[in-house]
Amino acid sequence: MSSSLISDSEKQNKLVWIWTECKEVMIASVERGWNTFIFPSESRFRDLASEWSSIALIHPLFIEGSEISNMQNQVVARLFDVCSPEDLLFIQPHEQTNDLVINFKGEWQVIPAENLVAAFQGCKRTVLAVTTNSSEAQVFLEALEQGLGGVVLKVDDIGEVFALNSYFDQQNEVRNLLSLTRATVTHVQVVGMGDRVCIDLCSLMRPGEGLLVGSFARGLFLVHSECLESNYIASRPFRVNAGPVHAYVSIPGGKTCYLSELQAGKEVVVVDRNGKQRNAIVGRVKIESRPLILVEVKENMSNEMYSILLQNAETVGLVCPCEDKSTKTVIPVTSLKVGDEVLVRVQGAARHTGIEIQEFIIER
């Protein structure tokens, strides 16, 4: 499986310019570190830019024809309307200092954006796309994985500013390593039948990767994917046989949800044995009646007890601590025994609609 060639710095350094007449949008944007604003060149908009400059530290830019200039009348970018494939032919990655702002006016946006990402890779010029909502912005920022260099958010709705900020928060969250701790198996018991959930993702997982699942939100087990080969069944590197319908699973934003709540289009957090995380989209959920096995562990540092129920099958396993390259990645639940070590994610116990809260709670 090939790994990504896109560096974290390339993903992080995305520009956001704001195009608005709404003062509340301006304030919300500045509070989130977005202080470059685009205005038409008419005098009333220059007056508006001057008024806002007295309120906050902003960098006004003004559009006149195809040129975008700063307060010193220096051209810093050029605006191009794209309505047809022919329009793209005029946008070339020549070595010029001006950035480009693309206003897609046709029905097609995704493929033209991808064409621009391919054409401008390695070029010093930044290409931004005009967008009127955060969902559209995400398409431009993720085109061909690398994405365009940024977006111009043209809105008067403050909610779109919050939504785009949430998107960037999720991207930043993925770059942080999760703390996983060792736990020792204290009890393994076959318990009978139950409704278990298979989660099929729109992404492939590698050895050592899986989902954080558990009976209690305070202690989630790293349940391995079905990416490993066996003699009896083909590998399914997109699948995690996650556990019964009641179990919690980790989702973006530091939240959890019940496995029974997952459906196509929702996101979950894929984690590896080193704590590296990424978000993945659920493509399908299968709930079927299967024999279950109960696994109980004691966290090595605090002696806290956690448990999980999983399907009793050789393809279902828990990820082990990483000692060295020779250490096995996963222990099938059918081979688990008292004394084995697995990885768990320890966090706050109390939850309200998946959000961690501070309150007294006892879970057994």
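The values are calculated or read from the model by the stated rules, or taken from the named source; none is laboratory data. What you see is a predicted model, and the numbers here were worked out from it, not measured in a lab. When we count neighbours, we look across all protein chains shown, and the Cβ atoms used for this are built from the backbone with ideal geometry, even at glycine. For the accessible areas, the whole protein counts, side chains as well, though only heavy atoms, and no ligand, DNA or RNA atoms are used. Shrake-Rupley method; radii C 1.70, N 1.55, O 1.52, S 1.80 Å.
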* To do: Could you check, for segment 299-310, whether at least one of its residues is of a type in the set (S, T, N, Q), assigned to a strand (DSSP E or B), open to solvent by less than 30 Å² (accessible area, probe 1.4 Å) and out of contact with any helix residue (DSSP H, G or I) (no Cβ under 7 Å at 6 or more places or on another chain)?
  => yes
* Starting from segment 260-281, keep only residues that are on the phi > 0 side of the Ramachandran plot, then list their pairs with residues that are modelled with pLDDT of 95 or more and open to solvent by 60 Å² or more (accessible area, probe 1.4 Å) whose Cβ atoms are within a distance under 7 Å, requiring at least 6 positions of separation or different chains. => G265/I281
* Structure fact -> Restricting segment 98-113 to residues that are surrounded by 15 or more Cβ atoms within 10 Å (Cβ to Cβ) and among the β-branched types (V, I, T), the one nearest to E64 (Cα to Cα) turns out to be V101
* Count, please, the residues in segment 114-133 that happen to be open to solvent by less than 80 Å² (accessible area, probe 1.4 Å) and of a type in the set (D, E, K, R). => 2
* Asked: Can E10 be described as modelled with pLDDT of 90 or more, open to solvent by 20 Å² or more (accessible area, probe 1.4 Å) and of a type in the set (D, E)?
  -> no
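Which residue out of R239, R182 is in contact (Cβ under 8 Å) with a residue 40 or more places away in the chain and under 22 Å from V297 (Cβ atoms)?
Values: R239 fails: under 22 Å from V297 (Cβ atoms).
None of the other options fit; the residue is R182.
Residue by residue, here is whether (1) under 21 Å from the mean Cα position of the chain (by Cα); (2) over 16 Å from C320 (Cβ atoms) holds:
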{"position": "T181", "(1), (2)": "no, no"}
{"position": "L204", "(1), (2)": "yes, yes"}
{"position": "G219", "(1), (2)": "no, yes"}
{"position": "S225", "(1), (2)": "yes, no"}
{"position": "E261", "(1), (2)": "yes, yes"}
{"position": "V268", "(1), (2)": "yes, yes"}
{"position": "V271", "(1), (2)": "yes, no"}
* Working only within segment 243-285, note down all residues that are in a loop (DSSP other than H, G, I, E, B) and either open to solvent by less than 60 Å² (accessible area, probe 1.4 Å) or of a type in the set (F, W, Y) (or both). => V245, A247, P252, G253, G254, L262, G265, R273, G275
* To do: State whether the residues of segment 80-97 include one that is surrounded by 19 or more Cβ atoms within 10 Å (Cβ to Cβ), under 28 Å from E24 (Cα atoms) and either under 26 Å from the mean Cα position of the chain (by Cα) or of a type in the set (A, V, I, L, M) (or both).
  => no
* What number goes with the only condition from (1) at pLDDT 95 or above; (2) open to solvent by 70 Å² or more (accessible area, probe 1.4 Å); (3) over 18 Å from N165 (Cα atoms) that E24 does not pass? -> (3)
* Output for segment 207-233, where each listed residue is part of a loop (DSSP other than H, G, I, E, B) and modelled with pLDDT of 95 or more -> S225
* To do: Tell me which residues, restricted to segment 228-246, are of a type in the set (S, T, N, Q) and under 26 Å from T256 (Cα atoms).
  => N241
